[in-house]
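Undergrad: The structure follows.
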Amino acid sequence: MFKKIKATVTIACLAMVSISCFPDGAEYIDELDIVYTNYEDSYNFKSKNTFALPDKVIKVDQENIPGEPGFEPEYVSPAYSAAILASIRSNMRSLGYTEVTSTADPDLIILPAVFQTDQLYFYYDWWYWSWFYPGWGPGWGWYYPGYYPPQVTRIRTGSVIMQMTDPKNQNASDQIPVVWTGVVNGLLEGNVDTISARIGTTINQAFEQSPYLAK
């Protein structure tokens, strides 16, 4: 059983929430999983039809820091990235969206990442996605237009964040809005089979508790 935190709830620390749910200690690893989602409540998701996904999932940690132009980050193991991307893809298609390539002018681009650090910041450097996101150079970035995502600290290694961006709404400051965020905390712990199963379950939950995404 994992903790579900919906978009309307603001939290300061997912790890503290996880601990408070199980004062006597969790019996199984998946009992420590937390699924958090947030979204721009004025955004018209029903008007969007297509989405794009990268073919890799980046790993964000203190050893994998962006630098010069052309920087390409370290990526998550294919066994785990395939499960993450497959779960996102399946949910988006079930919601009525059509997948296209990033160069085919998609309405939405979903950027999944795994955080390998004790400090999780939603505003990680744009260089992480310069290899994939089409059409933007230095100065590009993204922002949260209608909600304030919590700053989450001391989160367990292996947490997954999904950011849904709208590439057609770039503002004058070269900022792209993030219209939906999903965070799965404590995912990459256990053996490969267990992790793969939990990836599907928790990412499915992120979309299930976001009914406004449906077309």
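The values are calculated or read from the model by the stated rules, or taken from the named source; none is laboratory data. Note that the coordinates shown come from a computational prediction; the quantities given were computed from them, not determined experimentally. Cβ sites come from the backbone with ideal geometry, for glycine too, and all protein chains shown count toward neighbours.
Undergrad: Name the single residue, out of those in segment 49-102 being modelled with pLDDT under 95 and of a type in the set (Phe, Trp, Tyr), that is farthest from LEU213 (Cα to Cα).
TA: Applying the filter and picking the extreme gives PHE71.
Undergrad: Which of (1) more than 14 Å from the chain's Cα centre (by Cα); (2) at pLDDT 95 or above is the odd one out, the single condition LEU108 does not satisfy?
TA: The single condition LEU108 does not satisfy is (1).
Undergrad: Still on this structure: I want to confirm something. Restricting to segment 165-215 and keeping residues that are closer than 19 Å to ILE34 by Cβ and assigned to a strand (DSSP E or B), which single residue is modelled with the highest pLDDT?
TA: Among those residues, the one meeting the criterion is TRP180.
Undergrad: Six or more apart or on different chains, Cβ under 8 Å: which pairs go from a residue in segment 108-132 that's more than 28 Å from SER47 (Cα to Cα) and among the charged types (D, E, K, R) to one that's part of a loop (DSSP other than H, G, I, E, B) and modelled with pLDDT under 70? Could you list them?
TA: If the second residue must be part of a loop (DSSP other than H, G, I, E, B) and modelled with pLDDT under 70, the pairs left are ASP118/ARG154; ASP118/ILE155; ASP118/THR157; ASP125/ILE65; ASP125/PRO66.
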